[in-house]
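Student: Shown below is the structure under consideration.
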Amino acid sequence: MTIGVGGSTAEIELAKLTDMTVDINPVSVNEIRQRQQKACQLMQQQNISALYLNAGSNLTYFTGLKWYASERLVGALLTASGELHYIAPAFEYDSLSDFMRIDAPFHGWQEHESPYVLLGQVLKNANINTGTLAIDESSAFFVVDGICKANPALNIVTSNSITAACREQKSAAEIALMQRAKDMTLEVHKATARILRPGISTVEVTQFINDAHKKVGASGSSFCIVLFGLASSFPHGVKDPQILQENDWVLIDTGCLLHGYNSDITRSYAYGQATERQREKQAQLAAFDAAQLGKPCEAADIAARQSLQQNGFGPEYAVPGLPHRTGHGCGLDIHEGPYLVQGDKTPLKPGMVFSNEPMLVLPGEFGVRLEDHFYMTDSGPKWFTQPSFSIDDPFGYQA
């Protein structure tokens, strides 16, 4: 039997878990202001007059305001000179004010009015009649289209050269939040492995993971994939629940949010006895070793595929083998750039955070995904969490 798997119950394991967030704080207002200053410097260097931040992670990153994107425009304008303005439906003022961490003028539009015309007026009031407006790259097309049509004198570009340039290198505070979030999820993984038993459903396991993440202090799971047996060969799961059987293969991919920052860890192991074909983990270590400062992000992906090919899998995206990229950036978004994938030439720099998950898919049999995150330090990559020790002892109880 795999060490650390089975032998307990959901009630026992939930009772063991405690809040792991009491000594951790969100990113400070002072740091958010520093982000704005860096964005302004980049705008001045690139001859961009203003930056529009749409509801979502970019708005949160640069203002601290957490709000959801919908069919109504909610966002903020940051000018190259440092002025911040909020634009949103007038009826949302009280709610938005409650979420604001940085005070700035609020410009409300009524339901029959155009928010895009209002945005243009705010820019004109800031003496921006022409010039270049960078629009949040995550904005829906209708937002970009509306702004363009209402403001034909503006040159519209994507914000990526500003937003990504600021967000790709995490601060010490961001790293600390992600470290704790990943520590929390790893404890949830350990507890989840212990509740497994023949007859348990993936639905039951998913519910336990949600409850366990809340118990350790998260607002809940940001996502959860639980797969048994053949279903584990589908990277993002299947539509129907499964029931665990003796000697089934188990794949659990889950994470949580802590003050907006994501964890994302996957473990694969056998409920019972593993086979020799289920023991491949060298590709994850190859990707980690290849992630060196100054090297392109794609180097990690190339190394992982070379490792798999040397063991008879692939080549490239062919299965049996690795059908997707090796990893993704992570922060306020669970998937964000840059990416560990061929073609991404972004140089690796201190503060960058990545998942490392070169999944091995064997169609018709099973899939192995071992996912941990690392961040780049001044001396190279560093794991947030210890990778799976072995198929027989995934959590290192006897390491």
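The values are calculated or read from the model by the stated rules, or taken from the named source; none is laboratory data. Nothing here was measured: the structure is a model prediction, and the numbers come from that model. So basically every Cβ, Gly included, is an ideal-geometry build from the backbone, and we count neighbours across all protein chains shown. Accessible surface is based on the protein model in full, side chains and every heavy atom, while ligands, DNA and RNA are left aside. Shrake-Rupley method; radii C 1.70, N 1.55, O 1.52, S 1.80 Å.
Student: Say whether the condition of being assigned to a loop (DSSP other than H, G, I, E, B) and out of contact with any Phe, Trp or Tyr (no Cβ under 9 Å at 6 or more places or on another chain) is met by at least one residue in the stretch 177-185.
Tutor: No: the stretch 177-185 contains no residue that is assigned to a loop (DSSP other than H, G, I, E, B) and out of contact with any Phe, Trp or Tyr (no Cβ under 9 Å at 6 or more places or on another chain).
Student: Which residue pairs have Cβ atoms under 6 Å apart, sit 6 or more places apart or on different chains, and have a first residue in the stretch 29-54 that is free of Cβ contacts under 8 Å to residues at least 60 places away in the same chain and a second that is part of a loop (DSSP other than H, G, I, E, B) and surrounded by 19 or more Cβ atoms within 10 Å (Cβ to Cβ)?
Tutor: Correct list of pairs: 40/80; 44/80.
Student: Just to verify a result, which residue in the stretch 385-399, among those that are within 21 Å of the chain's Cα centre (by Cα) and over 15 Å from residue 289 (Cα atoms), is modelled with the lowest pLDDT?
Tutor: So, considering only residues that are within 21 Å of the chain's Cα centre (by Cα) and over 15 Å from residue 289 (Cα atoms), the one modelled with the lowest pLDDT is 388.
Student: If I filter the stretch 235-256 down to residues being under 25 Å from the mean Cα position of the chain (by Cα) and crowded, with 20+ Cβ neighbours inside 10 Å, which single residue comes out as farthest from residue 333 (Cα to Cα)?
Tutor: 250
Student: Of the residues 335, 324, 328, which is open to solvent by 30 Å² or more (accessible area, probe 1.4 Å), at pLDDT 95 or above and touching a His at 6+ places or on another chain (Cβ under 6 Å)?
Tutor: It is 335.
Student: Which numbered condition in (1) open to solvent by 20 Å² or more (accessible area, probe 1.4 Å); (2) in contact (Cβ under 8 Å) with a residue 24 or more places away in the chain; (3) over 30 Å from residue 45 (Cβ atoms); (4) part of a helix (DSSP H, G or I) is the only one that residue 206 fails?
Tutor: Just one mismatch for residue 206, condition (2).
Student: Inspect the stretch 311-319 for any residue being open to solvent by 20 Å² or more (accessible area, probe 1.4 Å), acidic (Asp, Glu) and touching a strand residue (DSSP E or B) at 6+ places or on another chain (Cβ under 9 Å) and give the result as yes or no.
Tutor: Our first condition is that a residue be open to solvent by 20 Å² or more (accessible area, probe 1.4 Å); within the stretch 311-319, this holds for 311-319.
This time we only want the ones that are acidic (Asp, Glu), so: 316.
Narrowing further to those that are touching a strand residue (DSSP E or B) at 6+ places or on another chain (Cβ under 9 Å): none.
Among the residues of the stretch 311-319, not one is open to solvent by 20 Å² or more (accessible area, probe 1.4 Å), acidic (Asp, Glu) and touching a strand residue (DSSP E or B) at 6+ places or on another chain (Cβ under 9 Å), which makes the answer no.
One line per residue, one yes/no per condition, for (1) modelled with pLDDT of 95 or more; (2) basic (Lys, Arg):
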| site | (1), (2) |
| --- | --- |
| 214 | yes, yes |
| 225 | yes, no |
| 237 | no, no |
| 243 | yes, no |
| 258 | yes, no |
| 262 | yes, no |
| 296 | yes, no |
| 303 | yes, no |
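Student: Need at least 3 residues that are open to solvent by 20 Å² or more (accessible area, probe 1.4 Å) per element, so show me which helices (runs of 4 or more DSSP H) inside the stretch 3-99 make the cut, counting only ones lying wholly within it.
Tutor: Answer list for the stretch 3-99: 10-16, 29-45, 93-99.
Student: Consider only pairs whose beta carbons are under 7 Å apart and that are at least six residues apart or on different chains; among these, list those whose first residue lies in the stretch 382-399 and is over 13 Å from residue 5 (Cα atoms) and whose second residue is of a type in the set (Lys, Arg) and not in a loop (DSSP other than H, G, I, E, B).
Tutor: These pairs meet every condition: 384/182; 385/182; 388/267.
Student: Considering only the stretch 184-203, state which residues are among the hydroxyl-bearing types (Ser, Thr, Tyr) and surrounded by fewer than 17 Cβ atoms within 10 Å (Cβ to Cβ).
Tutor: 201
Student: Separate question: Are there any strands (runs of 3 or more DSSP E) wholly within the stretch 313-399 with 1 or more residues that are farther than 21 Å from residue 180 by Cβ, and if so which?
Tutor: Counting at least 1 such residues, we get 336-340, 360-362, 366-368, 380-383.
Student: So in the stretch 275-302, with the set limited to residues that are open to solvent by 20 Å² or more (accessible area, probe 1.4 Å) and of a type in the set (Gly, Ala, Ser), which one is nearest to residue 235 (Cα to Cα)?
Tutor: Per the stated criteria, the residue is 286.
Student: Given the residues 219, 232, 263, which is the only one that is in contact with a helix residue (DSSP H, G or I) (Cβ under 9 Å, 6 or more places away or on another chain), surrounded by 23 or more Cβ atoms within 10 Å (Cβ to Cβ) and of a type in the set (S, T, N, Q)?
Tutor: After applying the criteria, what remains is 263.
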